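The values are calculated or read from the model by the stated rules, or taken from the named source; none is laboratory data. All figures in this text were calculated on a predicted structure; none of them were measured in a lab. Cβ sites come from the backbone with ideal geometry, for glycine too, and all protein chains shown count toward neighbours. These area figures cover heavy atoms from the full protein model, side chains too; ligands, DNA and RNA do not enter into them. Shrake-Rupley method; radii C 1.70, N 1.55, O 1.52, S 1.80 Å.
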Amino acid sequence: MRAPLALLALLVLAVSAAAETPRHTPGFPNVETSEHLAELLRLLQDPVVAELLLRLASVGPGSEEAVEELVEKGVLGPEQGAGILRALNSSIDDLAGRADPALLEELRGLLGSEKPDPERLRGLLSTLLAMRESGLLDPYTFIALAGILSGALRKLGFEVPAELSHGVLSSLSGLLSPSTSPSRGAEERPVAGVGAGFPRSPELGASLPSVPTLLETLYPALLSILACSLLTLSLVYRRKRISGLLLRLRASLGRGLEPRTLTAGDDPVSVYWRSVGLVERALGVRKLDHATHREYLSSATRASAELGKYRRTVECFSEITRLYEVVRFAGESLEGAAVRAGEKFREMVESLGRP
Amino acid sequence: MSFVKDIRRVLVDGRILIEKEWEINTIVACLLARGHVLIEGVPGVAKTYTAKSIARLLDLDFRRVQMTPDLLPSDIVGYYVFDQKTGEFRLRRGPIFTNILLADEINRASPRTQSALLEAMQERQVTIEGQTFKLEEPFMALATQNPIEMEGVFPLPEAQLDRFLAKIVTGYVSHKGFVEMLRRAHEIEAAIEELKPVIPRSALLEEMARSTGVRVDDSILDYIASIVEETRRHPAVRLGGSPRSGIAILKLAKAWAYLDGRSYAIPDDVKAVAKPALVHRIILKPEYELQGVTPERVVDDVLTKVPVPRP
C-alpha cells in the first residue's frame, strides 16, 4: 500500500511543483510555494526521510515517532515538531476556536454515528481540503483534523484516502525546518542529518532527470497532442461545446494548485480579492485587468451556468462583490461588512468542497 | 430615482419606443448632467419621438427646429419686431426658449447659425440686440445629423462637436422589434400625445442638483484620466480626447450612477458612458479611417487596455 501511495504522492507533488503558475492575486501571501514543494520532493528522494514523511502523512500509528525522528534528523525544527505532536494529540474540543465551528460540528456528528454515510464523509473531506487550500486552516489545525478523521476512518474499517495524506504532505512542506528552506541556502547545503549510512541521494538525482524536468520536456509534445485533439474536436463539435469543455478543463486543472494563507478579520476589499482567487481556480475564469468587478461577476455566473455547478459559490461571491463595491467605491464602512464578507467567504470555501 | 423607472416603464415596457432603452438612459443622463446630445442616425429611427416622449414625461416644454441652409441665427434665438399698435419694439422669442430643443439635421444649417446655436447651448443664455436673456432650466439641445448626407451640408467643426456632452449613434431596430413596431404603428403617435408627466419640473431640478453629489473615488478619476490619455496614444488616432472629454465622462458617469440608484460611481459607469462621451471627440488618421476603423472601435480598444482601479 505504501509504495503506490508514495508513488502517487511523488507524482502529484511533481506535477504541482511543475505546474505552478504566476497567478498570484495581490493580498495573498504566497506561502506554500513551488520552492517548498521542490524542497519536499528533494527530501523524499532520501529513502529514510521519505519513509518517515509518508508515515507521518498517513497520520496513523507511528506518526509521533516519525515526527521525533524527523526532528532528530533536522528535517523539522523542534518548534514545528512540537506543534505537530500537539496537533496529533488534539481532540475535536481542543480545536474549538481554531477551526470553523460548523466544520467541527459536522465532524463530530459524522464520527458520532455508527454507520456514517460515505457521501457525507467524502463531502467533509472535500471541505477540509478546500479550507486547507484557501488558507482558512493553518497547517497544524489541518494535521490535527486529518489525524482525527483518519483515526475515525480506521476505526470504522475505511481506508484513509490518498488526498488526505497528500494534504498532510503539502501542509508539511510549509513547516520544513528553516535550515532546509531553499531561501536560506538549502541548495548549497546537503540535507542535514539525513541518511547516515545510506548512499547520498544527489548521485541518484544527478543520473536521472528530475520529474519536473522530465515533464517540462514532455510538455511541448503533450501540448501538441492536446492542440491536435482540440482542433479535431472543434471540427466535429460546435464551438460552444468546445468552450464549455475548455472551461471544465481549466477548472479542473486550476483547482488546488495555489494554496493560500488567510488571516481572520480582513476587510471586504481583501476578502474580495481572495475570493477572486478562489473563483479563478474553481471556475477557470481569469479576472482580466480591464474587467470591472461586475463584469467579472457576470463571467463567473456564466461559467457556473455552463459548468452546471458552483451555483452556491457564485451566490456567495456575488454578495462579497456587493460588499466590496460599497466599501471600496462608496467609501462607507458598512457596519458588520467585514464579518459578513468573512462569513460569505467561509461559505464559499465550503461550497467549493461540495459543488 | 423613481422617475427614471417610470420613464422606462412607460416608454420601454409600454412598447412606445422599441429597443431604445440605452438611448433613453443616455439622454436622461445628459439632462441630469446639464449637457447636450448629438444624435446621429438615418431618417426614420425615432429620434424625434424619443426627444418628444422624454420631454412630455418630464413635464418639459419641447420645440423642434428643422435646420436648413437659409435658416438665420435670429430664427432660432429670436428677434425684435416693431408693434405698430404700441409703437414699440416687441421681442419675438425664438424656439431656443424651451426646455428641450430638437435641432433636426444640424449639419444642414449654415456655420453662422450653427455657431449661434452652439454658443447659446454653451452659455445657456442668448443675446438679442444687446440684451441678454437667460434660458430656462433645464435646457437641453438634442441635435440630430444624418451620417450619410454628403452634399449640401456643413459638417460641425471639432471645436463645436466638443460642446456636446454625448453623441448617440442610433440605428435600426431588430427584425423582431420592427415587426412589433409595425403592429403598434397606428397607436404610437397617439400614445406619445397622451403621455402624462411622471415628475414635476421642480422635482426634476432637485434630482439634477442631487445627482451632482454622487461620490467619485480618486481611483475612478485616475481611471478616467488614463482612458482619455490612452485615446491620445492610440496608433489610429490623430486627435484624442481633450481635457473637456474627461470632464464629460465624469459628469456622465455620475449621472449614470445616479440613474442606477447609487450615490457613488463605479468603473462600470465610466465604461458605460465612455463611448458616447468620446466618439465625437476623436479624430482618426485617414489611413485607418480608410481601412474602416471607427472611433467606436478605438474606444472599445482603449477600454480593453486600461486596467480598472485596483485593489
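Computed values, structure above
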{"quantity": "Residue in segment A:126-145 that is open to solvent by 10 Å² or more (accessible area, probe 1.4 Å), without any contact (Cβ under 8 Å) to a residue 12 or more places away in the chain, charged (D, E, K, R) and closer than 18 Å to A:M348 by Cα present", "calculated": "no"}
{"quantity": "Scan of segment A:282-311 for residues that are open to solvent by 10 Å² or more (accessible area, probe 1.4 Å), touching a residue at least 40 places away in the same chain (Cβ under 8 Å), more than 14 Å from chain B (Cβ to nearest Cβ) and under 24 Å from the mean Cα position of the chain (by Cα), ordered by number", "calculated": "A:L307, A:K309"}
{"quantity": "Residue match in segment A:23-44 (condition: modelled with pLDDT of 70 or more, in contact with a helix residue (DSSP H, G or I) (Cβ under 6 Å, 6 or more places away or on another chain) and open to solvent by 60 Å² or more (accessible area, probe 1.4 Å))", "calculated": "no"}
{"quantity": "So A:A338, is it away from chain B (no Cβ under 14 Å), assigned to a helix (DSSP H, G or I), modelled with pLDDT of 90 or more and open to solvent by 40 Å² or more (accessible area, probe 1.4 Å)", "calculated": "no"}
{"quantity": "Unique residue being of a type outside the set (S, T, N, Q), more than 25 Å from A:R55 (Cβ to Cβ) and under 16 Å from the mean Cα position of the chain (by Cα) when the list is A:A102, A:A130, A:A146", "calculated": "A:A130"}
{"quantity": "Matching residues in segment B:11-47 - criterion: being more than 20 Å from B:H175 (Cα to Cα) and in contact with a Ser or Thr (Cβ under 8 Å, 6 or more places away or on another chain)", "calculated": "B:I24, B:I27, B:L32, B:A33, B:V37, B:L38, B:I39, B:E40"}
{"quantity": "Residue ranges of helices (runs of 4 or more DSSP H) in segment A:73-182 with at least 1 members modelled with pLDDT of 75 or more and under 18 Å from A:G353 (Cα atoms)", "calculated": "A:101-112, A:118-134, A:139-155, A:162-173"}
{"quantity": "Residue among B:A225, B:A248 that alone is of a type in the set (A, V, I, L, M) and closer than 27 Å to B:F139 by Cα", "calculated": "B:A248"}
{"quantity": "Helices (runs of 4 or more DSSP H) contained in segment B:236-311 and holding at least 1 residues within 13 Å of chain A (Cβ to nearest Cβ)", "calculated": "B:243-259, B:267-278, B:295-303"}
{"quantity": "Sole exception among (1) within 28 Å of B:F139 (Cβ to Cβ); (2) out of contact with any helix residue (DSSP H, G or I) (no Cβ under 6 Å at 6 or more places or on another chain) for B:M208, by number", "calculated": "(2)"}
{"quantity": "Positions within segment B:6-45 being out of contact with any helix residue (DSSP H, G or I) (no Cβ under 8 Å at 6 or more places or on another chain) and either of a type in the set (V, I, T) or not assigned by TED's automatic domain parsing to the domain that holds B:L156 (or both), in sequence order", "calculated": "B:V42, B:V45"}
{"quantity": "Members of segment B:193-235 that are assigned to a helix (DSSP H, G or I), open to solvent by 70 Å² or more (accessible area, probe 1.4 Å) and within 14 Å of another protein chain (Cβ to nearest Cβ)", "calculated": "B:D218, B:L221, B:D222"}
